[in-house]
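The values are calculated or read from the model by the stated rules, or taken from the named source; none is laboratory data. Source: prediction; values computed, not measured. For neighbour counting, all protein chains shown are included, and Cβ atoms are generated from backbone atoms with ideal geometry for every residue, glycine included. The accessibility values were calculated without ligands, DNA or RNA, using every heavy atom of the protein model including side chains. Shrake-Rupley method; radii C 1.70, N 1.55, O 1.52, S 1.80 Å.
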Amino acid sequence: GNLGRRGEWTKGRGLTPMPPAPPAPLKMSEDRRLRYVDRGTMPDVRGLVLHFTATGTWKEALESFERRRLGPSIMVDTDGSAWQVVDRLEDKVVAAAGTNDHCIQVEIGGENEQALLSNAAQLRPVAALLKSLAAARSIPLNNRDIDSRRGVFSHGQAKKRWGKSAWMWGDDFDPGEGYMKRVLEAAGGTYVPEKEWTGRRSGEWVVEDETWLP
């Protein structure tokens, strides 16, 4: 591979050859590729984790990810176009602790949950993307059991389970559980409320209180 010194970009835009075009509805272009650190590949892709970018524009999101040496596998722009930003979806990225080894990470362009909920032109393609990825990779279209990493989960759920985030504030987490319910149901899946998440009261979650405020 292109393993470099710790924290050094070794893959992506201008560093590795342009990969073959991904299957629809994903797109890829050189200027939309993420420069990222080669952390190897996921041996077993089991799930998807959704995030919002907390930015107003694609450029701001990309610059933030590259500066922090973090980033997703896929970014969905505000117009609903879905872009594969890594060379292979199996490439391991750093986006949500506890899930990075087994889940494709999907960043959705928008400053907050309300921005995502109010963007119908984006929500429909996100639902279609989830449905397509789930079918292609035998991923359950529900958020019940994050410990299994099998399903479609919010970054917020991962934060409550494992913590390890620079952005733990507010009484909810990206992309928002209201958005998760809307998009999972739009994809033909099932949204499981927090009190019914597998193991939620096991004592093993970093954040035990549903309404926890840091």
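Details
- Total charge dipole magnitude, the chain, about the Cα centre, Cβ charges on Lys, Arg, Asp, Glu only, Debye to nearest 20: 600 debye
- Our summary gives the range 10-85 a relative contact order of 36 percent, counting only alpha carbon pairs under 8 angstrom and 6 or more residues apart.
- As a fraction of the 1.4 Å probe accessible area of the chain, surface on carbon and sulfur atoms comes out at 50 percent.
- For the chain, the antiparallel share of DSSP beta bridges with both residues in that region comes to about 25%.
- With DNA, RNA and ligands ignored, accessible area of Leu89 (1.4 Å probe; Å², nearest 10): 10 Å²
- Taken as entire DSSP H runs, the helices of the chain that both span 24 Å or more between Cα atoms along their own long axis and average 0.0 or more on the Kyte-Doolittle scale are 120-137.
- Helical content alone sets the calculated 222 nm signal of the chain at -7000 deg cm²/dmol, taking -39,500 (n - 2.57) per DSSP H segment of four or more residues and averaging over every residue.
- Length-normalised contact order of the chain in % [C-alpha pairs under 8 Å, at least 6 apart]: 20 percent
- Where the alpha-carbon atoms of the range 72-214 are placed on the principal axes, they occupy 39, 31, 29 Å, in descending order.
- Legend: residues Arg124, Arg46, Arg39, Arg144, sorted from most to least accessible area (1.4 Å probe; ligands, DNA and RNA excluded), read Arg124, Arg144, Arg39, Arg46.
- Cα gyration tensor, the range 1-108 - rounded (a/c under 1.5), prolate or oblate: rounded
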